[in-house]
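What follows is a short report on a single structure.
The values are calculated or read from the model by the stated rules, or taken from the named source; none is laboratory data. Nothing here was measured: the structure is a model prediction, and the numbers come from that model. As a convention, Cβ positions derive from the backbone with ideal geometry for all residues, glycine included, and neighbour counts pool all protein chains shown. What goes into the accessible areas is simple: the full protein's heavy atoms, side chains included, and nothing from ligands, DNA or RNA. Shrake-Rupley method; radii C 1.70, N 1.55, O 1.52, S 1.80 Å.
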Amino acid sequence: MFRSKKLLRYARNYACQACGSSGTTVAAHANSHKFGKGLGIKSEDQFTAYVCYNCHDIIDGRSGKLSREEREAMWIDAWIKTVRIWFNDSIVEVR
C-alpha cells in the first residue's frame, strides 16, 4: 500500500484544485472502491486531490449538495489537476 506523508503535505502549498480557493488546502483521498477505498480503509495516497476544506466536505458528502456521481466527478477533475501539479513541479519524477 502506497503511503507518503510528504506527498500529502504538499497540498498546503497549492490552491484548491476544485474551486481555485487559495485558503487552506488538504489532500482528499478517493471515496470509491475503484481507487481502493474500503470499509475503514482509505485509498492509497496517489489517489488524493488537493482541495480546500469546503470542497473536501462536498466530496465526502457532508454537505448533501451533490449526488454520489457528481461528488466523484468533482474529485476526479481535481485529482487530474493535482497529478499534473505533481509532474509539472517535480514533486513526482520518472526515473
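Could you work out the relative contact order of the chain? I mean the mean sequence separation of Cα pairs under 8 Å and 6+ apart, divided by the number of residues, in percent. RCO, the chain: 27 percent.
Compute the length gained on full extension between R62 and R84: take 0.36 nm times their separation in residues and subtract their Cα-Cα distance, giving the result in nm to one decimal.
On the way: separation 22, 0.36 × 22 = 7.92 nm, distance 2.71 nm.
Going from the current span to full extension adds 5.2 nm.
The local environment of A30, defined by Cβ-Cβ distances under 13 Å, has a net charge of 0 under the rule Lys, Arg +1 and Asp, Glu -1. For K6, list the aspartates and glutamates whose Cα falls under 15 Å from its own Cα; do not include residues on the same chain fewer than 8 positions away. Straight-distance partners of K6: E44, D45, D89, E93.
Carbon-plus-sulfur fraction of the accessible area of the chain, 1.4 Å probe, in percent?
On the way: 3110 of 6050 Å².
Summing carbon and sulfur atoms, their accessible area is 51 percent of the total for the chain.
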